[in-house]
Each structure stands twice: as structure tokens, then as C-alpha cells.
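Notes follow once the structure below has been shown.
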Amino acid sequence: MILNVKLDTQNLHSFNDLVEIRETDNNRSQDYKMSLSNFIQLLSSAGEADKTESPFLPNNCIKYVQSVMGFRVYCSIPKSQWMINYNGNHFKVGFPKMVFEYEIFNNQQIAKEQKKYRVKLSRIVAIENKGTITGDTPVYKFPYSHVDKLQGSVCMGGNQLRDIDCLTELETFHSYFLLSPFSEDYGAKVKPTTTLAVLFSDTFNEKDFNDSYLVPAERTLNEFFLLGKY
């Protein structure tokens, strides 16, 4: 991980003023801002710790990665049937077992009522409903819409996830995605090729998802999410 820090000395007048930080990890960059006071505290604590204590995590968390500005949290969602809204029509549809990747960012808590973390649902993949999840578990493309077929990036339109104070709150956050309206964005990703309308209204309407419909992403869990270094 590489950190680039921009200190504008002409505009830094107090410890509450902000510094700009760019974090680069595995060729993915994210820009942040934090107060000079918090930045100094972060640097001071980095050299003092002789052990690492995890935060409290959701029960369905399979892995988390801590960075300077927050966390990446990976949650397993069991194979189940969910009531969804597809183009204004409601269907109870079978979904495969899934892994959700959340990006968690530290909020600059200006007001007391402001929550500690901002949450972004970053990516979703499907996995087969068998065995223990490890870094070598093969991943598959999310079969329905609103998820990119190449990177697994999530599109939720104008729907936003609420801020949180504790990572344990992520345990039920998958429902925000599953209960958001489904449309044709990114389309279906199954074999044999089948339209969303048929998948929702017939193939998996009130039926468990059949894993034989999953399309391989040709990568393991570690490879897909660039994990396994630690």
C-alpha cells in the first residue's frame, strides 16, 4: 500500500484543517481527507502498536482488510429466496450463495449526531453452495442485473447505504441491495442465456437457485478481490 499526502502549508492554520491523502493498493486508488490532528495521531499510533485488535464484526463476515482510512469487509450471504421488485412487479426469486464486498470509510465527525463510518457496497460475486469458503474458492458472476459482469461492481441507482457506528451493523446490509428495484441494467449472466423476465417470473420464481446456471468468473476469491497477501 502506498500513501501520498498533500500538505498545503499556506492553508494549514490549525489542527482541525484538512490534509489530502491518496491511498493506492493493488492498483486501486482512493482519495480521502482527514484533519491534521487525526493524521498526526494516526502516524503516532502506527509505531506504537505491538498487537492488532479487530473491530467487532458482523456474524457473516468471512474476512476484513484494514487500511489507513477504513476497512474492506467481506460478508457471506446464504443461498435463499428473496422477494424482489422487478420493473414494478414483485416476485419471490431464488438467489445463489453470495459474497458482498463493502468499503468502509471513516467519517470526519463534525456533528455529534454524525455516524462513525460511511458505507459503500462495492462488489458482489456468487459462489457455489458447498464447502467452506477459503481464498481458493472459485467465484462466479452474479446472475442477475445491477452488477457488472467483469468486475462485479454494483449499481444501485440513487439508493444509498446509511452510515453506521459499528461494523456489526453490516450483517443485514445485503437487504438494501436485494430490496432495491431491479431493472435491465447489466442484464442477466447465466448459462444457458435466459432473460431476466423469464428468470424472475418462471425459472427461479419461488424456486431455489440452481447453481448449474452460474457463469464462472475464472478466478478464485483471493484473485478476484486481490486478497491473500496477509
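The values are calculated or read from the model by the stated rules, or taken from the named source; none is laboratory data. Note that the structure is a prediction, hence the values are computed from the model and not measured. Positions of Cβ are generated from backbone atoms using ideal geometry, with glycine treated the same way; all protein chains shown enter the neighbour counts. The protein model used for the area step is the full one, side chains on, heavy atoms only, and it has no ligands, DNA or RNA in it. Shrake-Rupley method; radii C 1.70, N 1.55, O 1.52, S 1.80 Å.
Worth a mention:
- Residue that is most open to solvent (accessible area, probe 1.4 Å) [pool: residues in the stretch 150-188 that are β-branched (V, I, T) and in a helix (DSSP H, G or I)]: T172
- Top-ranked residue in the stretch 1-32 [being acidic (D, E) and either within 30 Å of S153 (Cα to Cα) or assigned to a strand (DSSP E or B) (or both); ranked as modelled with the lowest pLDDT]: D25
- Qualifying residues in the stretch 89-134 (those that are among the hydroxyl-bearing types (S, T, Y) and either closer than 18 Å to M156 by Cα or in contact (Cβ under 8 Å) with a residue 60 or more places away in the chain (or both)) - the one most open to solvent (accessible area, probe 1.4 Å): T134
- Residue within the stretch 135-146 that is aliphatic (A, V, I, L, M) and either under 17 Å from the mean Cα position of the chain (by Cα) or open to solvent by less than 10 Å² (accessible area, probe 1.4 Å) (or both) present: yes
- Residues in the stretch 64-83 that are part of a strand (DSSP E or B) and at pLDDT 95 or above: V73, Y74, C75, S76, I77, S80, Q81, W82, M83.
- Failed criterion for T52 (all others in (1) open to solvent by 70 Å² or more (accessible area, probe 1.4 Å); (2) in contact (Cβ under 8 Å) with a residue 60 or more places away in the chain hold): (2)
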